[in-house]
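Trainee: Below you'll find the structure I mean.
The values are calculated or read from the model by the stated rules, or taken from the named source; none is laboratory data. Quick caveat, the model's predicted, so the values are computed rather than measured. Every residue, glycine among them, receives a Cβ derived from its backbone with ideal geometry; neighbour counts consider all protein chains shown.
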Amino acid sequence: MKIVINTQMRENYGSADKPYWKFKGGETYIVPNLSVEQALKIKDSGIPTLTALIESNSDMFEEYVQNWVILDDDVVVVEPWETPFNLYWEQGRWVARRTVNNDEYSFMRANVASKTEGYVMLMGGDRENFEVVYTMRNGDVVDSKDVIEYLKKAA
């Protein structure tokens, strides 16, 4: 079983005094591989900790949980062009990860196979230790700070 959490994002195109909010899509977060006991506990108690980790709110931007549901692990919950974040409880903290494959729906250069993002989730939507690595079609793994130079050399 898994929890699927959908969010909505909004950006303020105005100011704090005169806001002009626009909806800007959202994210899908998945907590995979839940036991029956975990799913029942979540069904009874909700997801207050995950909500507090995901949601953020400022004068200029907000992301909030729109809905969540518990589903079987094999249920498809996103369109082929979307890549959700998977959430894992590791070493006493929640970690978010996703790997975006460079396929027909992607925008990355042809020699990039995938991009993997990850971070430690903090309260209020804050993130710590945000990392991005690119896996090239030849198998090389390149850190985000080095990818531009790598791609220049490969051209």
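Trainee: Select from region 40-59 the residues that are of a type in the set (A, V, I, L, M, F, W, C) and surrounded by 16 or more Cβ atoms within 10 Å (Cβ to Cβ) and write down the one among them that is modelled with the lowest pLDDT. Reasoning before the result, please.
Mentor: Keep residues of region 40-59 that are of a type in the set (A, V, I, L, M, F, W, C), which gives 40, 42, 47, 50, 52-54.
Next, only the ones that are surrounded by 16 or more Cβ atoms within 10 Å (Cβ to Cβ) stay: 42, 47, 50, 53-54.
Working: Ile42: 94, Ile47: 97, Leu50: 97, Leu53: 98, Ile54: 98.
Top of the filtered list is Ile42.
Trainee: Could you look through region 11-64, keep only residues that are acidic (Asp, Glu) and under 18 Å from the mean Cα position of the chain (by Cα), and pick out the one that is nearest to Arg93 (Cα to Cα)? Explain how you work it out, then say what you get.
Mentor: Taking region 11-64 first, the residues acidic (Asp, Glu) are 11, 17, 27, 37, 44, 55, 59, 62-63.
Next cut, under 18 Å from the mean Cα position of the chain (by Cα) only: 11, 27, 55, 62-63.
Working: Glu11: 28, Glu27: 20, Glu55: 16, Glu62: 23, Glu63: 21 Å.
The qualifying residue nearest to Arg93 (Cα to Cα) is Glu55.
Trainee: Can you tell me which of Trp89, Trp68 is crowded, with 17+ Cβ neighbours inside 10 Å and part of a strand (DSSP E or B)?
Mentor: Values: Trp89 fails: crowded, with 17+ Cβ neighbours inside 10 Å.
Every option except Trp68 fails the conditions.
Trainee: Hey, another quick one. Here's a check for you: in region 105-154, which residue that is in a strand (DSSP E or B) and in contact with a Leu (Cβ under 7 Å, 6 or more places away or on another chain) is surrounded by the fewest Cβ atoms within 10 Å (Cβ to Cβ)? Break it down into steps so the answer makes sense when it comes.
Mentor: Applying the first criterion (in a strand (DSSP E or B)) to region 105-154 yields 112-121, 127-136, 141-143.
Filter once more, keeping what is in contact with a Leu (Cβ under 7 Å, 6 or more places away or on another chain): 121, 128.
Details: Met121: 21, Glu128: 10.
My answer is Glu128.
Trainee: Within the bounds of region 100-108, is there any residue that is touching a helix residue (DSSP H, G or I) at 6+ places or on another chain (Cβ under 8 Å) and either modelled with pLDDT of 95 or more or in the same structural domain as Tyr29 (by TED's automatic domain parsing) (or both)? It would help to see each step written out before you state the result.
Mentor: Taking region 100-108 and keeping what is touching a helix residue (DSSP H, G or I) at 6+ places or on another chain (Cβ under 8 Å), we get none.
Looking for residues that are touching a helix residue (DSSP H, G or I) at 6+ places or on another chain (Cβ under 8 Å) and either modelled with pLDDT of 95 or more or in the same structural domain as Tyr29 (by TED's automatic domain parsing) (or both), one finds none in region 100-108, hence no.
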